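Nothing in this text is a laboratory measurement; each read-out follows from the coordinates by a stated rule. Computed from a predicted structure; not experimentally measured. Neighbour counts are summed over all protein chains in view; Cβ atoms, including those assigned to glycine, are modelled from backbone coordinates with ideal geometry.
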Amino acid sequence: MRRIAAVLLSVALLGLNSAAVLAAADTEDSCALEAVSLEGQADLAYYPFANRDEAGQLRLVVSARGVCRLGFALLPTSDAQLMGPGRPLNFAFRNRGDQVVPLNGNEQRWIQFEETARGKEAEFTISLPRGQARRAGDYRNNFVARIFVNGRPVQDIDFQLSVRVAAQADLHVAGNGEGQLGRSTVMNFGRLETGETLTALLAVRANSAYNLAVSSENNGQMRHVSLAGEDTAVPYTASLDGQQLNLQGGGDRRDFSIPNDGEQMRNISVQIGDTSGKMAGRYRDTLRVTVTLLE
C-alpha cells in the first residue's frame, strides 16, 4: 500500500521574450536581429520515484534580416545544477537529437535552426533523470542563453529555471522466500507452533519524514478460515524493527525521519503465540501497511 502527497511542480522561465534590434556586420555580409525570444513550458512535474525521466521544452525564436549564420550557447551563472532545500538536482539541456548541450558558453554550431513563419527556431529539452530522491520543494538556478551571428556573440538572454520537486512515498514488501519486491506477500508458517517467527522486509522510498501504519484484519489474531467459536483463534505478536506493535485495537503506527538517498529497509516480524488446545485447520490474518508523508 502507498499513500502519496503530491505537490505541483513547475518550470518557470523569467526574463523571456526579450526583444532587441542588433546588427552584426562583417566585410562580406550583414545580419540584423529584429527580435529574440525564449519560450518555456510551465507546470512540469518531477516525481523522484516515477519510472520515467521528466522533461520540459524550451524554444528559441530568432527573427532576423540578411545573411545570418546563427549559433547558440548555454552557460550557468553559478553551478550547473538546480539548488534547493536538499542536495542539488541534476538535469541537462538536450537538442532534438537527444544530444546534451554543454553549459560552457562556447558556440554550438551543430544546433539546428529551422525556418518557420516566425523566423528561425531551435528546440531544446530540459531533461530531469529519474530516481533523484531530493527533499520536496523548489530548486532553481539562473542561466544565460547566448546568441551568435556569423561566429560572434551578439546577445545574451538571462533566464531562471525553477523546478518544484513533489513530495512522494512508495512502499514494497518482500517475504522471506524468494525475496522479490511487490505489493503483497504471504508469511506461510506451515504447521503452527508456539514461538515460531517469520519476518518480511519493507522497502520504503520517501523524500521526507514518513509514518508507517500497520493494521490487522483480526485485531492481532489468526482466525480459523472455516470455523468460529471457542479455540478458533491463535494470538500472535507483530513487531516493526523490533518494537512490538499493538494491533488489538486494529492498528499501530511509527514515525521515521527522512531516509538517506530516499530509501530505507524496515523489518516486520510475526511471532506465533500459544497454540495449545486450538482447533485443527487453517488460520489466517491480513496485515496492511500504509506509508504516509509527514511533511
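About the Cα centre of the range 22-165, what is the dipole size in debye to 20, counting +1 per Lys and Arg Cβ and -1 per Asp and Glu Cβ, all else neutral?
Details: 17 positive and 18 negative charges, 116 e Å.
Around 560 debye, computed over the range 22-165.
Looking at ILE111, SER63, ILE268, which one has the Cα that reaches farthest to the positive end of the dipole of the chain (charges on Cβ: Lys, Arg +1; Asp, Glu -1)?
Comparing the listed Cα positions along the dipole, ILE268 ranks first.
So for the chain, taking the charge dipole from beta-carbon charges (+1 Lys/Arg, -1 Asp/Glu), which of PHE93, GLY250, LEU44 sits furthest toward the positive end?
Of the listed residues, the answer is GLY250.
Suppose each label sits 7 Å from its Cα in the direction of the beta carbon; what would the LEU181-SER276 distance come out to in nanometres?
Placing both labels 7 Å along Cα→Cβ, they lie 4.4 nm apart.
Net charge within 9 Å of ALA203 by Cβ-Cβ distance, Lys/Arg positive one each and Asp/Glu negative one each, not counting ALA203 itself? Display every interim value, and only then the final one.
Values: positive: ARG205, ARG266; negative: ASP170, GLU263.
For residues surrounding ALA203, the net value is 0.
First measure r as the distance between the Cβ atoms of LEU227 and GLU193, then evaluate 1/(1 + (r/R0)^6) with R0 = 22 Å and state the FRET efficiency to the nearest 0.05. Let's see the in-between values first.
Working: r = 20 Å, r/R0 = 0.90.
With a Förster radius of 22 Å, E is 0.65.
Suppose every K and R has +1 on its Cβ and every D and E has -1 on its Cβ; what is the size of the dipole of the chain about the Cα centre, in Debye to the nearest 20? Don't jump to the answer; show the numbers that get you there.
Details: 30 positive and 33 negative charges, 70 e Å.
Using only the charged Cβ atoms, the result is roughly 340 debye.
Set Lys and Arg Cβ to +1 and Asp and Glu Cβ to -1, take the dipole of the chain about its Cα centre, and tell me which of LEU227, GLY151, PHE124 lies farthest positive.
It is LEU227, whose Cα lies furthest towards the positive end.
Give me GLU54, GLU295 sorted ascending by neighbouring Cβ count inside 10 Å, so fewest comes first. Each step should come with its number before you reach the end.
On the way: GLU54 21, GLU295 13.
By the 10 Å Cβ count, ascending: GLU295, GLU54.
Tell me the label-point distance for the pair GLN81, GLN112, using the 7 Å Cα-to-Cβ offset, in nm and rounded to one decimal.
In this crude label model, GLN81 to GLN112 measures out at 3.3 nm.
Please compute the modelled spin-label separation between ARG65 and ASP98, points set 7 Å along Cα→Cβ, answer in nm with one decimal.
Result: 4.2 nm between the two label points.
Give me the net charge for the shell around GLY86: Cβ to Cβ below 15 angstrom, other residues only, Lys and Arg +1, Asp and Glu -1. It would help to have the intermediate numbers written out before the result.
On the way: positive: ARG87, ARG134, ARG135, ARG140, ARG164, ARG205; negative: ASP79, ASP138, ASP261, GLU263, GLU295.
After counting each charged neighbour, the total is +1.
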